[in-house]
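Visitor: Quick one: structure below, then a few questions.
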Amino acid sequence: MEAEASNGNGNGCSNDHDIIRWFDTISTNIATVQRETLRQILELNRGVEYLKKWFGDKDLDIREMDACEMESLYTSLVPLVSHEDLEPFIQRIADGDTSPILTQHPITTLSLSSGTTEGRQKFIPFTRHSSETTLQIFRLAAAYRSRVYPTRSNGRILEFIYSSKRFKTRGGLMAGTATTHIFASEEFRIKQEKIKLFTCSPHEVISNGDYKQTTYCHLLIGLFFRKEVECITSTFAYSMVQAFSSFEEQWEDICKDIKEGNVSSKITLPKMRKAVLDIIEPNPSLASRIEAICKGLQGSDWFGLVPKLWPNAKYVYSIMTGSMQHYLKKLRHYCGSLPLVSAEYGSTESWIGVNLDPSLEPEKVTFAVMPTFSYFEFIPLYRQDQYSDSGSGSVDFIEDDPVPLSQVKVGQEYEIVLTTFT
């Protein structure tokens with residue numbers, strides 16, 4: 001059920017139709033596809049320690065089992081758990097235990113969650129499957145975006161993306177954020193070739209781990225290629241807001257660098273300096289044009305900064321939902337009338353949904369669940385308003401039994417449960 005590999009791009013070619021047709025096909029019979037996804041997960045991982053704990057010594061031939069029977073058996077025997085329940089198993093992996101504990105997939109990398117759920121970062125297994133699904137959802141999302149906002153083939157993306165420092169666990173596994181692993185993966189390079197849009201900044205800029213120096217170089221190179229930039233993106237909306245805010249203070253230095261084909265002395269990392277110097281060259285006329293634009297922008301409080309500096313950009317693309325909605329007012333100020341497109345819905349554990357209608361404003365966006373990425377269940381939540389003596393209202397929730405993806409109802413609130421390949 002994987003999307004077919006192909007050599008097309010995200011610019012309205014037949015390849016876009018292929019991956020959209022694939023998604024339409026798997027979305028027409030969600031119950032069957034979800035059971036088959038669960039079958040693949042169980043078939044792969046039937047012998048791991050964690051599943052043996054719940055399946056016991058049952059002699060199960062997952063391939064031959066009736067799909068409904070298999071699904072029922074799994075949901076009845078394997079309990080719902082939180083990360084806290086899985087943490088001892090993951091810690092053993094981090095400490096160097098190479099036996100099949102949670103998955104048969106080789107685990108060479110651990111992701112760090114954002115920490116937004118419980119206030120602390122958590123280890124999550126990261127495998128080749130994690131990178132492959134990232135490539136798949138990037139290609140699918142790009143295909144839908146190209147229907148609404150066609151881009152020129154072999155153009156550039158100004159990506160405000162950042163890799164944090166990676167470290168090794170006691171057991172020798174590489175650990176870092178999921179985005180850091182993705183940007184360092186082969187799939188990230190393949191993604192650019194597939195959608196025929198190439199990031200402005202080289203790997204040495206993305207991977208250095210110094211936020212301020214990386215941002216400066218993103219802006220410098222992005223403006224050097226300003227006419228080639230087809231879209232502007234970041235993982236999170238606040239990264240772009242911070243980048244444009246810092247540009248207000250640094251634009252004169254950037255113009256000087258473009259004029260001279262040089263890099264500011266504030267960029268101190270040797271590999272980054274060399275990588276940038278290998279790209280830019282003296283361009284006094286471009287520097288003068290940008291300087292004139294910036295002087296005009298100062299008088300309007302930098303309103304419409306993005307379309308004025310990158311006149312061929314078709315849209316701005318990022319995670320703009322949840323806590324990122326707080327940054328939309330400022331981002332719209334910088335972007336003027338340029339469309340804001342909400343990026344995909346995911347978690348450190350798994351990608352969840354894709355934005356099929358990029359024309360929707362971020363506040364109205366909906367996501368279609370990717371039924372081949374994980375086995376999804378949904379816990380119905382029923383609001384129960386509670387009122388304190390002070391009169392301030394709060395909301396409590398009553399949970400019901402989980403239902404599969406095929407049984408979710410429009411308008412009902414749910415908590416998402418994932419069974420992943422890892």
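The values are calculated or read from the model by the stated rules, or taken from the named source; none is laboratory data. Model, not experiment: these values are computed from the prediction. We place every Cβ from the backbone using ideal geometry, glycine too, and count neighbours over all the protein chains shown. In case anyone asks, the SASA skips ligands and DNA or RNA and just uses the protein heavy atoms, side chains included. Shrake-Rupley method; radii C 1.70, N 1.55, O 1.52, S 1.80 Å.
Visitor: Looking only at strands (runs of 3 or more DSSP E) that fall completely inside the stretch 109-216, which ones have 2 or more residues that are closer than 25 Å to Thr268 by Cα?
Guide: 155-160, 174-177
Visitor: Can I ask one more? Got a sec? Which of Glu249, Glu204 is under 22 Å from the mean Cα position of the chain (by Cα) and open to solvent by 50 Å² or more (accessible area, probe 1.4 Å)?
Guide: Glu204
Visitor: Can you tell me which residue within the stretch 289-303, out of those that are surrounded by 13 or more Cβ atoms within 10 Å (Cβ to Cβ) and more than 33 Å from the chain's Cα centre (by Cα), is nearest to Lys329 (Cα to Cα)?
Guide: The qualifying residue nearest to Lys329 (Cα to Cα) is Glu291.
Visitor: Please verify whether Pro88 is assigned to a helix (DSSP H, G or I) and open to solvent by 40 Å² or more (accessible area, probe 1.4 Å), treating the condition exactly as stated.
Guide: yes
Visitor: Also, I was wondering about something else. So, Leu112, is that one buried (at least 20 other Cβ atoms within 10 Å of the Cβ) and under 26 Å from Pro339 (Cα atoms) or not?
Guide: no
Visitor: Just to be sure before I move on: is Pro311 more than 19 Å from the chain's Cα centre (by Cα), in the same structural domain as Ile161 (by the TED database) and modelled with pLDDT of 95 or more in the structure I sent?
Guide: Here the answer is yes, as Pro311 does meet what is asked.
For (1) in the same structural domain as Ser359 (by the TED database); (2) buried (at least 22 other Cβ atoms within 10 Å of the Cβ); (3) among the aliphatic types (A, V, I, L, M), each residue gets a yes or a no:
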| residue | (1), (2), (3) |
| --- | --- |
| Ala142 | yes, yes, yes |
| Tyr149 | yes, no, no |
| Asn154 | yes, no, no |
| Glu159 | yes, yes, no |
| Tyr162 | yes, yes, no |
| Arg166 | yes, no, no |
| Leu173 | yes, no, yes |
| Gly176 | yes, no, no |
